[in-house]
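Read through the structure below, which is laid out as structure tokens, and then see the notes.
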Amino acid sequence: LLELSPQDLRAHAAAALTRARERSVALTDAVDDEDLVRQHSKLMSPLVWDLAHIGSQEELWLVRDVGGREPLRPDIDDLYDAFQHARADRPALPLLGPAEARAYVKEVREKAFDVLETAPMEGRRLTESAFAFGMITQHEQQHDETMLATHQLRKGEPVLHAPEPPRAPARKLPAEVLVPGGRFTMGTTAEPWALDNERPAHEVDVPAFVLDTTPVTCGAYVEFLESGGYHEQRFWSEPGWAYRQEHDIVAPRFWHREPDGWWRTRFGVRERVPENEPVVHVSYYEAEAYTRWAGKRLPTEAEWEKAARYDPESGRSRRFPWGDEEPTAEHANLGQRHLRAAEAGAYPAGASPLGVHQLIGDVWEWTSTDFHGYPGFSAFPYREYSEVFFGPEYKILRGGSFGTDAAAIRGTFRNWDYPIRRQIFSGFRCARDPRPGEAG
Ligand code: AVJ
Ligand code: FE
């Protein structure tokens, strides 16, 4: 990317923005206007808010900031400022209606493309304006994943359709691998589109640990469930147990117990819980309880990133588990190509050199680490992207899900949420300390 000419960079930015918009349009055209303005869950905005918010951020950062153009709609800045209004309060605001919102994002996009024509992108170094285009593309894709989560919460007939993901090869994977101890480079300074919280690159010493080769599957999770794991306090942390009691949490979100086993609802389709697919829609607390039941623990964020990026042969940290190339459909289940996670082991080409599968795509993976800035962190271009969330109330998730676009995921990408959240596409994998003698 750093080698691209300004003209190529412009073409790349335009194509990425267009791809994001196709997704936003598909997600918002899939439902009627009534559904677009409705709040499907208190946890989410109405879809029409996300759509206009996407336009509003694009206006702010590309049209006004990079382009230095006159504001299009300064009167609506406040409505679409996520910090001004909680999600639950957004339906009551005088929002743009569906037709207005669509016209607004279209007009902003035309202006943003106009800015792109002349925005400075000279030399080998990516300029701040090029970064702004990458950031806004990621922003739109992040909201596209949020809108997909809103679709999952929506009641009614299915409106989204996608082909089934690939099946796993018959060959059974080893359950765990040993990741050798030692220093590795975490975070990045060179990755052009990396957001502030992924920076800078820094050395971290990670002692040897053992990691599951795949995320925990529904089948394994059912064993925890059926053995009474939700009813035994010893597996739960104190806040986890309090949450489980208060909300009477007895299974992953969207699961239902039927006389013949566990079923789930997925984008309006009722189906049997699939045995070999990573479990999704679990909170941090449930993930943590499972790991304790299994005699294991969640990986730390540094362990997760070492497993995903460290190349034992060169000692270097790479961009992805499979190397430095951008993700393709062979590597990972990303980009809403499929509306579900793929079976454990379904992406052999995306495995790490040590044989860890599906670190990127399928399901976000909870880690045991709180959200903080790396040593040397500096907020840009605005404190509200990450810095205001630093602290012990958020846990880090890694790797992206089937709902995450390739433009918005990397081995260094950091997501965060409250440990009680499970409407997101969240799963996990288990780690543990090596047993005596195991670490060599
Ligand atoms: C990085 C997914 C936690 O959705 O809250 C979107 C991304 N920031 N608009 C979020 C984001 C501003 C953010 N997450
Ligand atoms: Fe946003």
| request: Go through (1) more than 30 Å from residue 354 (Cα to Cα); (2) in a loop (DSSP other than H, G, I, E, B) and name the single condition residue 239 misses. | output: (2)
| query | Would you pick out the residues in the range 223-236 that are outside any helix (DSSP H, G or I) and surrounded by fewer than 19 Cβ atoms within 10 Å (Cβ to Cβ)? | reply | 227, 228, 232
| request: Scan the range 345-391 residue by residue and report those that are farther than 24 Å from residue 166 by Cα, surrounded by fewer than 17 Cβ atoms within 10 Å (Cβ to Cβ) and more than 16 Å from ligand 1 (Cβ to nearest atom). | output: 375, 376, 378
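Would it be correct to say that residue 208 is at pLDDT 95 or above, over 25 Å from residue 304 (Cβ atoms) and of a type in the set (Gly, Ala, Ser)? Break it down stepwise before answering.
Values: at pLDDT 95 or above: yes; over 25 Å from residue 304 (Cβ atoms): no; of a type in the set (Gly, Ala, Ser): yes.
Criteria not met by residue 208.
Using the structure shown, decide if residue 96 is of a type outside the set (S, T, N, Q), crowded, with 21+ Cβ neighbours inside 10 Å and either in contact with a strand residue (DSSP E or B) (Cβ under 9 Å, 6 or more places away or on another chain) or more than 13 Å from residue 11 (Cα to Cα) (or both). Talk me through it step by step, then tell me what you get.
Details: of a type outside the set (S, T, N, Q): yes; crowded, with 21+ Cβ neighbours inside 10 Å: yes; either in contact with a strand residue (DSSP E or B) (Cβ under 9 Å, 6 or more places away or on another chain) or more than 13 Å from residue 11 (Cα to Cα) (or both): yes.
Taking the combined requirement at face value, the residue satisfies it.
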| message | So if I check each of 183, 167, which one is within 23 Å of the chain's Cα centre (by Cα), more than 16 Å from ligand 1 (Cβ to nearest atom) and not hydrophobic (A, V, I, L, M, F, W, C)? | response | 167
| task | Restrict the check to the range 355-377 and report whether at least one residue is within 17 Å of the chain's Cα centre (by Cα), in a strand (DSSP E or B), more than 20 Å from residue 307 (Cβ to Cβ) and modelled with pLDDT of 95 or more. | result | no
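For residue 30, indicate whether it is surrounded by fewer than 19 Cβ atoms within 10 Å (Cβ to Cβ), within 27 Å of the chain's Cα centre (by Cα) and within 18 Å of residue 115 (Cα to Cα).
Values: surrounded by fewer than 19 Cβ atoms within 10 Å (Cβ to Cβ): yes; within 27 Å of the chain's Cα centre (by Cα): yes; within 18 Å of residue 115 (Cα to Cα): no.
No: the conditions fail for residue 30.
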| Within the range 370-390, can you find the residues that are among the charged types (D, E, K, R) and within 16 Å of ligand 2 (Cβ to nearest atom)? | 383, 384, 387
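Please indicate, with yes or no, whether at least one residue in the range 22-32 is closer than 25 Å to residue 382 by Cα and within 16 Å of ligand 2 (Cβ to nearest atom). Steps first, please.
Filtering the range 22-32 for residues closer than 25 Å to residue 382 by Cα gives 24.
Restricting the remaining residues to those that are within 16 Å of ligand 2 (Cβ to nearest atom) gives 24.
Yes, that holds for at least one residue.
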| field | Members of the range 43-93 that are more than 14 Å from ligand 1 (Cβ to nearest atom) and small (Gly, Ala, Ser) | value | 67, 68, 88, 92
| note | Exception for residue 37 within (1) away from ligand 2 (no atom under 16 Å from the Cβ); (2) of a type outside the set (Asp, Glu); (3) at negative phi; (4) surrounded by fewer than 16 Cβ atoms within 10 Å (Cβ to Cβ) falls at (4)
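For the subset of the range 248-302 comprising residues that are of a type in the set (Ser, Thr, Tyr) and touching a residue at least 12 places away in the same chain (Cβ under 8 Å), which member is nearest to residue 423 (Cα to Cα)?
Start the filter on the range 248-302 by keeping residues that are of a type in the set (Ser, Thr, Tyr), which leaves 265, 283-285, 290-291, 300.
In the following step, the residues that additionally are touching a residue at least 12 places away in the same chain (Cβ under 8 Å) were identified as 283-285, 290-291, 300.
Values: 283: 8, 284: 12, 285: 14, 290: 18, 291: 20, 300: 22 Å.
Checked the range 248-302; the qualifying residue nearest to residue 423 (Cα to Cα) is 283.
Give me the residue from the range 136-188 that is among the acidic types (Asp, Glu) and closer than 30 Å to residue 270 by Cβ and, out of that set, farthest from ligand 2 (Cβ to nearest atom).
164
Is it true that some residue in the range 209-231 is within 24 Å of residue 160 (Cβ to Cβ) and not polar (S, T, N, Q)? Give the steps one after another, and end with the answer.
Looking only at the range 209-231, we keep the residues that are within 24 Å of residue 160 (Cβ to Cβ), and these are 215, 217-218.
Adding the requirement that they be not polar (S, T, N, Q) leaves 215, 218.
Yes - at least one qualifying residue is present in the range 209-231.
For every residue, the table says whether it meets (1) assigned to a helix (DSSP H, G or I); (2) touching a Pro at 6+ places or on another chain (Cβ under 8 Å); (3) surrounded by 15 or more Cβ atoms within 10 Å (Cβ to Cβ).
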site	(1), (2), (3)
248	no, no, no
262	no, no, yes
270	no, no, no
274	no, no, yes
281	no, yes, yes
286	yes, yes, yes
292	yes, no, yes
305	yes, no, yes
313	no, yes, no
| For the range 383-428, how many residues are under 27 Å from residue 252 (Cβ atoms), in a loop (DSSP other than H, G, I, E, B) and either aliphatic (A, V, I, L, M) or in contact with a Ser or Thr (Cβ under 7 Å, 6 or more places away or on another chain) (or both)? | 8
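State whether one or more residues within the range 80-87 are more than 24 Å from residue 153 (Cβ to Cβ), in contact (Cβ under 8 Å) with a residue 12 or more places away in the chain and buried (at least 16 other Cβ atoms within 10 Å of the Cβ). Step through it out loud before you land on a result.
We begin by selecting, within the range 80-87, every residue more than 24 Å from residue 153 (Cβ to Cβ); these are none.
Checking the range 80-87: not a single residue is more than 24 Å from residue 153 (Cβ to Cβ), in contact (Cβ under 8 Å) with a residue 12 or more places away in the chain and buried (at least 16 other Cβ atoms within 10 Å of the Cβ).
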| field | Residue that is away from ligand 2 (no atom under 15 Å from the Cβ) and part of a helix (DSSP H, G or I), where the choices are 50, 75 | value | 75
| field | Complete set of residues in the range 407-440 that are in contact with a Pro (Cβ under 8 Å, 6 or more places away or on another chain), aliphatic (A, V, I, L, M) and surrounded by 21 or more Cβ atoms within 10 Å (Cβ to Cβ) | value | 409, 431
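Rundown of residues vs (1) farther than 16 Å from residue 216 by Cα; (2) out of contact with any Leu (no Cβ under 9 Å at 6 or more places or on another chain); (3) of a type in the set (D, E, K, R); (4) surrounded by fewer than 23 Cβ atoms within 10 Å (Cβ to Cβ), yes/no style:
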| residue | (1), (2), (3), (4) |
| --- | --- |
| 266 | yes, no, yes, yes |
| 318 | yes, yes, yes, yes |
| 337 | yes, yes, yes, yes |
| 343 | no, yes, yes, yes |
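Could you please let me know if residue 418 is within 15 Å of residue 282 (Cα to Cα), among the hydroxyl-bearing types (Ser, Thr, Tyr) and touching a Lys or Arg at 6+ places or on another chain (Cβ under 8 Å)?
Numbers: within 15 Å of residue 282 (Cα to Cα): yes; among the hydroxyl-bearing types (Ser, Thr, Tyr): yes; touching a Lys or Arg at 6+ places or on another chain (Cβ under 8 Å): yes.
Considered against the rule, which asks whether it is within 15 Å of residue 282 (Cα to Cα), among the hydroxyl-bearing types (Ser, Thr, Tyr) and touching a Lys or Arg at 6+ places or on another chain (Cβ under 8 Å), residue 418 comes out as yes.
The values are calculated or read from the model by the stated rules, or taken from the named source; none is laboratory data. For clarity, every value in this text was computed on a predicted model and none was experimentally measured. Note that we place each Cβ from the backbone using ideal geometry, even for glycine, and neighbour counts take in every protein chain shown.
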